[in-house]
Amino acid sequence: MRYYEPDVVTKNLSDSVRGERFEGLEGARIKLIMDLKPKIDKLRGEMVIASIKPTNEVEKYLTEQNNSDYDYFIFINGLVWDLASENDRKRILSHELRHCFIDDKGNYKTIKHDIEDFFAEVQLNEDDPMWKQALSTVAMAKFEQMKEEEKGNK
């Protein structure tokens, strides 16, 4: 199966990052979804580490049927997550949560980066400004290795 539930450690880490840095999102219902299918940003030549989207009306309807009503879905690349340190995992979650915006009517939306990243995230990661590129490079190498191993097994 392509998508799977994150473990309890990942969920707790997400709650911790949200509580420490994003007071305005305390009421937001956010679903973490792990994704086994690596996505490549062809323009940058990098692996997509994670993405976030506000739920649309159909998704809200479907999640309500399971007694869950989510405002956002965060998709996390499972391969990257497995390769990431705990500090990088916090960075991933913090970056995605930085996209969240609640308008004056209480609607959950997302915003784009103010620069290549978010200025606040650049400041938080001064100790390792190239963390994302390094993690993406390692993940791409692992992905290519996995593809070659798969070819060899055929």
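Each value in this text was obtained by applying a stated rule to the coordinates, not by laboratory testing. Note that the structure is a prediction, hence the values are computed from the model and not measured. No Cβ is skipped: glycine too gets one built from the backbone with ideal geometry, and neighbour counts run over all protein chains shown.
Numbers for the structure displayed
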read-out: Scope the range 57-108; condition among the hydroxyl-bearing types (S, T, Y) and buried (at least 17 other Cβ atoms within 10 Å of the Cβ); matching residues; value: T63, Y70, Y72, S94, Y108
read-out: Within the range 1-50, tally of residues that are small (G, A, S) and loosely packed, with under 14 Cβ neighbours inside 10 Å; value: 5
read-out: Neighbours by Cβ (under 7 Å, 6+ apart or cross-chain): first from the range 63-89, under 30 Å from A134 (Cα atoms) and touching a residue at least 12 places away in the same chain (Cβ under 8 Å); second among the polar types (S, T, N, Q) and not in a loop (DSSP other than H, G, I, E, B); value: F75/S51
read-out: Pair list, Cβ < 9 Å and 6+ apart or interchain, from the range 12-39 residues that are more than 15 Å from S51 (Cβ to Cβ) to residues that are among the β-branched types (V, I, T) and surrounded by fewer than 18 Cβ atoms within 10 Å (Cβ to Cβ); value: G24/I102; L25/I102; G27/I102; A28/I102; R29/T63
read-out: Residues located in the range 42-65, provided they are within 22 Å of L25 (Cα to Cα) and among the polar types (S, T, N, Q); value: S51, T55, N56, T63
